[in-house]
1. Scan 79, 39 and give me the residue that is among the charged types (D, E, K, R), over 19 Å from the mean Cα position of the chain (by Cα) and modelled with pLDDT of 90 or more.
2. Of the conditions (1) at pLDDT 90 or above; (2) closer than 18 Å to residue 20 by Cβ; (3) among the hydrophobic types (A, V, I, L, M, F, W, C), residue 61 satisfies every one except a single condition; which number is it?
3. Of the residues in segment 331-370, how many are over 16 Å from residue 291 (Cβ atoms) and in contact with a His (Cβ under 9 Å, 6 or more places away or on another chain)?
4. Any residue that is touching a strand residue (DSSP E or B) at 6+ places or on another chain (Cβ under 9 Å) and within 17 Å of residue 354 (Cβ to Cβ) - is there at least one of those in segment 160-174?
5. With the checklist (1) buried (at least 21 other Cβ atoms within 10 Å of the Cβ); (2) among the charged types (D, E, K, R); (3) modelled with pLDDT under 90 in hand, flag the one item residue 223 doesn't pass.
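The values are calculated or read from the model by the stated rules, or taken from the named source; none is laboratory data. Because the structure is a prediction, the values reported are computed rather than measured. For neighbour counting, all protein chains shown are included, and Cβ atoms are generated from backbone atoms with ideal geometry for every residue, glycine included.
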Amino acid sequence: MFAEKTIRKHVTIIHAYSLMSVLQRKIVNVLLYEAIKGDGRINNHQNSVAVECNMPFSKLLKAVKFNSNNTQYLKESIDGLASLKIEWNLLKDKVPTDISFLNLRVLHGAPTFYQDNTINFSFHKIMLDLLVNPSIYGTIDVDLQSEFESKYGHALYENSTRFINLQKNKIISLDTFRKILGVPEDKYSSMRELTRNVISPSLEEVNDRANFAVSLDPIRVGRKITGFEVLVKNKKNTIISEVSCIDRENEQIHKEIKSTFGILNESILENIINNYSEEYIQEKINYTKKYAKKERTGFYPIPYFISALKHDYKFKEEPKPEVSQEKASNDEAEWEKKLFALQAELNHWEKLSGYTKAGDNQEHVKNMQKFVLEAQEKLKQHYLEKPIKMEAV
């Protein structure tokens, strides 16, 4: 059984509103884990309001699964945590009487990046005190949370950890639900937009990746949805065969997945082995090895593999003279697949660029604009390479 890195976060700092990106959300949990359980504490003086920590920058890169060469963007994301405004304790849970959230930021002061490839950062003691033996908390899997690709999926995962197997389901108003997922006030004002862009994709991502299942039952007043009843059940209570009990017949494919993609979170591995045949899994491993590039970790990308499983990616067939029409069809399918990936990449950078505002670091703004233009250029070039449809004779 794999050892899991977890932190217990007090619910008052889980149920919070901010405009953090998904990368920033991952970074926070990794830094909190390092501050609580790591070996990087520099000082912890009794009278100090902050606890200073240090960790290798390369360790942080690996922990948040940051595979881009644009480390400046990562540094700016960390730096932004010191000034980001947070609205804490949205569900009005009880906190110790001596704790005040007034003006509390995620990081206490700006981080420092050193030439020896280390980073110094500080947390306010209030923040860390809420992670040491909290009375009511959610347990965050630090490795799993770094697998999430959307900030709404990440937020739903983190907020749901507190509600696992509660005897009574939690009811949350619509306005509060929007806030705990980090939805900006000026976005997705209609229920249809919110469902399409936030609720449905985040539910799918959480239920695919987490070791628990989330369902949302709408609360209505007339025809209007005013909130949700949140039900979260641990999958281990409903799935008989757990990954920790993998039998000999799955042992070989288990080793193959581990050697190809590194150590996967148990819930992801469990979903894969329980939902797909060994032959099908092996086929998609081979597909990923052929068409995907290794990451800097030396392993192949897990999201690509999972997408291949879900969408049944097929190998391109060798061209045959007598079936040129079939080849053209395959080429077009591959072109469409790459088109989807390039559009997703463009959407990603456009979203990040959209979060920039007046007063932001100009180099950061220019970088965002550069990435958008590069993605647009790749998309434009891809359209020029579209396969020519062959007319039937």
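1. On inspection, the qualifying residue turns out to be 79.
2. So residue 61 meets the others, but not (2).
3. Going through segment 331-370 one residue at a time, the tally reaches 1.
4. no
5. For residue 223, the exception is condition (1).
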